[in-house]
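Colleague: Got a structure for you, written out below as structure tokens; questions coming shortly.
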Amino acid sequence: MNWTAIRAIYVFEMARFFRTLTQSLISPVLSTSLYFVVFGTAIGSRIETVEDVSYGAFIVPGLIMLSVMTQATSNASFGIYFPKFIGTIYELLSAPVNFLEITLGYVGAAATKALFIGVIIFVTAFFFVDITVQHPFAMIAFLLMTCVSFALLGFIIGIWAGNFEQLQLIPLLVITPLVFLGGSFYSVTMLPPIWQTITMFNPVVYLISGFRWAFFGTADVPVAISLAAIAFFMAACMAAIWWIFRTGWRIRQ
């Protein structure tokens with residue numbers, strides 16, 4: 001394993017994050033604060049509790065997941081797309097590094113950025129609502145796995161994208177709607193039976209459910225299924241990345 005190469009890619013990507021700190025960090029925190037004001041205060045004043053948890057606290061895991069998923073995907077996709085755009089991807093491909101080392105560098109940096117934002121939003125939530133975490137180690141585990149899995153997805157999107165518009169296509173048109181429809185602001189049990197069944201085909205439901213269980217001890221689906229779903233998602237993304245580098249699909253275009 002070429003740790004020097006991994007470190008070089010990781011440090012370069014993290015440096016870019018701190019150069020654009022306003023866009024990369026402050027913007028998502030402000031957006032999430034607005035969600036707390038609108039959903040936690042305005043709507044929360046009309047909905048007292050959900051599953052014996054105050055509505056303002058109930059939406060915290062969903063808001064963290066919303067930011068983490070979108071930020072991990074966006075950072076990873078831009079990180080690998082930009083070398084393609086300016087042509088430096090050929091220098092990377094000709095260097096003595098394999099696909100795993102390249103992936104670890106870019107995905108590791110994107111996951112770190114998303115994790116950093118998730119922690120900041122978690123701390124910000126304490127200014128709006130009272131939060132208790134029943135299973136802190138499980139919360140950290142779910143947060144880390146979500147950061148890594150969606151950074152892997154973003155890496156694939158960055159390779160697939162042919163222009164800057166396509167970089168935002170999947171996060172805006174697929175991931176964000178799935179998060180909103182995945183129980184971020186409500187419990188799946190509040191839906192009519194037919195919609196509960198349909199919602200179970202949304203993979204984001206399992207991530208948010210497991211993450212919320214770490215906070216409040218309640219979940220819409222069993223925790224074991226949530227862990228299995230995210231593990232399968234990570235394995236599928238890694239298999240896709242291995243195939244991409246093996247065939248050269250979209251990398252040299």
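The values are calculated or read from the model by the stated rules, or taken from the named source; none is laboratory data. What you see is a predicted model, and the numbers here were worked out from it, not measured in a lab. Cβ coordinates were reconstructed from backbone atoms using ideal geometry, including for glycine residues, and neighbour counts include every protein chain displayed.
Colleague: Tell me whether region 169-182 contains one or more residues that are within 15 Å of the chain's Cα centre (by Cα), outside any helix (DSSP H, G or I), of a type in the set (Gly, Ala, Ser) and farther than 16 Å from Gln71 by Cα.
Modeller: yes
Colleague: Quick one: which of Ile198, Ile170, Ile140 is within 24 Å of Phe85 (Cα to Cα), out of contact with any Gly (no Cβ under 6 Å at 6 or more places or on another chain) and either surrounded by 19 or more Cβ atoms within 10 Å (Cβ to Cβ) or among the aliphatic types (A, V, I, L, M) (or both)?
Modeller: Details: Ile198 fails: within 24 Å of Phe85 (Cα to Cα); Ile140 fails: within 24 Å of Phe85 (Cα to Cα).
Exactly one of Ile198, Ile170, Ile140 is within 24 Å of Phe85 (Cα to Cα), out of contact with any Gly (no Cβ under 6 Å at 6 or more places or on another chain) and either surrounded by 19 or more Cβ atoms within 10 Å (Cβ to Cβ) or among the aliphatic types (A, V, I, L, M) (or both), namely Ile170.
Colleague: Now a separate question. Does any residue of region 239-246 turn out to be of a type in the set (Gly, Ala, Ser), in a helix (DSSP H, G or I), out of contact with any helix residue (DSSP H, G or I) (no Cβ under 9 Å at 6 or more places or on another chain) and modelled with pLDDT of 90 or more?
Modeller: Yes.
Colleague: Got a sec? Which of Gly79, Gly56 is more than 21 Å from the chain's Cα centre (by Cα), part of a helix (DSSP H, G or I) and surrounded by 20 or more Cβ atoms within 10 Å (Cβ to Cβ)?
Modeller: Values: Gly79 fails: more than 21 Å from the chain's Cα centre (by Cα).
Only one candidate qualifies: Gly56.
Yes/no matrix, rows are residues, columns are (1) under 16 Å from the mean Cα position of the chain (by Cα); (2) crowded, with 16+ Cβ neighbours inside 10 Å; (3) more than 18 Å from Ala219 (Cβ to Cβ):
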position: Thr124; (1), (2), (3): no, yes, yes
position: Gln134; (1), (2), (3): no, no, no
position: Cys147; (1), (2), (3): yes, yes, yes
position: Phe150; (1), (2), (3): yes, yes, yes
position: Ile157; (1), (2), (3): yes, yes, yes
position: Trp160; (1), (2), (3): no, yes, yes
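Colleague: Looking at region 183-222, which of its residues are among the polar types (S, T, N, Q), under 22 Å from Met234 (Cβ atoms) and part of a loop (DSSP other than H, G, I, E, B)?
Modeller: Residues satisfying the conditions are Ser184, Asn202.
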